[in-house]
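Comments concern the structure below.
The values are calculated or read from the model by the stated rules, or taken from the named source; none is laboratory data. These numbers were taken from a predicted model, which means no experiment stands behind them. Here the Cβ positions follow ideal geometry from the backbone for every residue, glycine too, while neighbour counts run over all protein chains shown.
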Amino acid sequence: MISFQNVSKLYRGKGNHTALQNVNLQVGKGEFVFVVGPSGAGKSTFLRLVTREEVPSQGRVIVGGLDVGALRPRDIPHLRRNLGVVFQDFKLLLNKTVWENVAFTLQVTGVSRRDILRRVPAALEQVGLRQKQDAKPLQLSGGEQQRVAIARAIVSRPALLLADEPTGNLDPEAAKSVVRVLWEINRWGTTVVMATHAQGVVDSMRQRVVALEDGRVVRDQLQGAYGA
Ligand SMILES: Nc1ncnc2c1ncn2[C@@H]1O[C@H](COP(=O)(O)OP(=O)(O)OP(=O)(O)O)[C@@H](O)[C@H]1O
Ligand SMILES: [Mg+2]
């Protein structure tokens, strides 16, 4: 699903910071992977190379068979349609309802009304928020808002779901509910890659852990924990 082949990422500008160095990593279809490491280790950079928000300075990033760094601009939507992304700060549209937030991307990509009426409730059901569909985001708890963001990310049925510190703004209980939802989505077949600082979450899940430090993979462990 994801293959990093000798990938380095250098941010040019003052200091010329090397955010990733010679990263080689494979993530298979259906895997659940935590990416951990101290602040500045390169976790977000790793995810942004998958989404083509950044291009590698060296090496190749292959996602679902596409050479992401070499994609022509007009082929980028093809990549993005197969990706769901969730962020720490939810990024919901505050003047729209839960339903409208989840339906929005389907509407702009021209999905039929009939399909929207089928898919939106299914996505809300999957994150346990069917009964909140008419609420506005600010009427929800942080954990609920993040679950709306997850519903929005999965409503187009991507093969791959990326989450960049999705529990960073949440208390431990809400964090658990969010990770439980990600886990269930993974059980249904979606590949999930989650960058996180949440030691408790990582330790309780015992999934694959890829640890970055200073832009290098320093550990890649099946059934791993947050620390070595
Ligand atoms: N757009 C950018 N321009 C220049 N340097 C950048 C840019 N984005 C990130 N960096 C640098 O690259 C390094 C890796 O950043 P990155 O955001 O990937 O780390 P991270 O592991 O996600 O950290 P955090 O846990 O704080 O989110 C950092 O030193 C950062 O300052
Ligand atoms: Mg980050």
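Values as computed for the structure displayed
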{"quantity": "Checking Asp171 against (1) touching a residue at least 40 places away in the same chain (Cβ under 8 Å); (2) surrounded by fewer than 16 Cβ atoms within 10 Å (Cβ to Cβ), the condition it does not meet", "calculated": "(1)"}
{"quantity": "Residue in the range 36-51 that is outside any strand (DSSP E or B), more than 16 Å from Leu212 (Cβ to Cβ), assigned by TED's automatic domain parsing to the domain that holds Val7 and out of contact with any Asp or Glu (no Cβ under 6 Å at 6 or more places or on another chain) present", "calculated": "yes"}
{"quantity": "Pairs where the first residue, in the range 178-197, is touching a residue at least 12 places away in the same chain (Cβ under 8 Å) and farther than 23 Å from Ser141 by Cβ and the second is β-branched (Val, Ile, Thr) and in a helix (DSSP H, G or I), C-beta under 8 Å, 6+ apart", "calculated": "Thr190/Ile154; Val193/Val50"}
{"quantity": "Qualifying residue in the range 170-187 (condition: touching an Asp or Glu at 6+ places or on another chain (Cβ under 7 Å) and either more than 23 Å from Thr51 (Cα to Cα) or away from ligand 1 (no atom under 16 Å from the Cβ) (or both))", "calculated": "no"}
{"quantity": "Set Val63, Val86, Val102: member being crowded, with 19+ Cβ neighbours inside 10 Å, among the β-branched types (Val, Ile, Thr), modelled with pLDDT of 95 or more and within 15 Å of ligand 2 (Cβ to nearest atom)", "calculated": "Val86"}
{"quantity": "Matching residues, the range 179-228, being more than 27 Å from Gly64 (Cβ to Cβ) and in a helix (DSSP H, G or I)", "calculated": "Gln199, Gly200, Asp203, Ser204"}
{"quantity": "Residue list for the range 163-187, restricted to those being away from ligand 2 (no atom under 16 Å from the Cβ) and out of contact with any helix residue (DSSP H, G or I) (no Cβ under 8 Å at 6 or more places or on another chain)", "calculated": "Arg180, Asn186, Arg187"}
{"quantity": "Meets criteria (more than 19 Å from Phe34 (Cα to Cα) and of a type in the set (A, V, I, L, M)) for Leu140", "calculated": "yes"}
{"quantity": "Per-region count, the range 1-26, residues under 18 Å from Thr51 (Cα atoms), of a type outside the set (S, T, N, Q) and in a strand (DSSP E or B)", "calculated": "10"}
